[in-house]
Amino acid sequence: MQKYEYNDSHAKFTLLVVEDDPEIQTALMFSLKRVGFNVKICSHGLEALNVIKDNVFSLMITDLEMPVMNGYVLIKSIHPRKMPIIVHSGSLSLYSDLDQWSDAQVLKSTSLAPLMDEVFRLLKLI
């Protein structure tokens, strides 16, 4: 596990986080902004689809189980793929083809380190 620190150069990246749990939204926002990324939060897939239409994102992190539109439907709805996608969920085992629709899958846990590792890897910062 690597320790990530603030870097001004990270400000060129804007990340979209799609998560319905307010506590997880806060933790992700804090962790990503702490190292210098710009972050936009959406609470469900339909909100994210509407935001993606009018904005450019460097990467998307999405939960799977959410109201209105779940993350699985969301990632299958983004064509052509406009950015790397990380699925961050406790429900990874319910979906057998996530690797076809996303670039990485990270099981939710008390540590955000595995997620941060994937963010930095996919943005080619490590």
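Residue 83 meets the conditions (1) of a type outside the set (Phe, Trp, Tyr); (2) buried (at least 16 other Cβ atoms within 10 Å of the Cβ); (3) not in a loop (DSSP other than H, G, I, E, B) in every case but one. The failed one is (3). So, of the residues in the stretch 92-126 that are polar (S, T, N, Q) and over 19 Å from residue 27 (Cα atoms), which turns out to be surrounded by the most Cβ atoms within 10 Å (Cβ to Cβ)? By that ranking, first place goes to 102. Among the residues of the stretch 52-69, those identified as in a loop (DSSP other than H, G, I, E, B) and either at pLDDT below 90 or buried (at least 23 other Cβ atoms within 10 Å of the Cβ) (or both) are 63, 64, 66.
Residues that are in a helix (DSSP H, G or I) and within 14 Å of the chain's Cα centre (by Cα) within the stretch 9-46 comprise 24, 25, 26, 27, 28, 29, 30, 31, 32, 33, 45, listed in sequence order.
Given 77, 31, which one is more than 24 Å from residue 125 (Cβ to Cβ) and among the polar types (S, T, N, Q)? Please lay out each step first, then the result.
Numbers: 31 fails: more than 24 Å from residue 125 (Cβ to Cβ).
Residue meeting the stated conditions: 77.
Only one of the numbered conditions (1) crowded, with 16+ Cβ neighbours inside 10 Å; (2) within 21 Å of residue 4 (Cα to Cα); (3) not aliphatic (A, V, I, L, M) is not met by residue 33, and that is (1). All of 93, 111 fail the test of being more than 14 Å from residue 18 (Cβ to Cβ), free of Cβ contacts under 8 Å to residues at least 12 places away in the same chain and in a loop (DSSP other than H, G, I, E, B), apart from 111.
The values are calculated or read from the model by the stated rules, or taken from the named source; none is laboratory data. Bear in mind the structure is a predicted one, so any value in this text is a computation, not a measurement. Note that we place each Cβ from the backbone using ideal geometry, even for glycine, and neighbour counts take in every protein chain shown.
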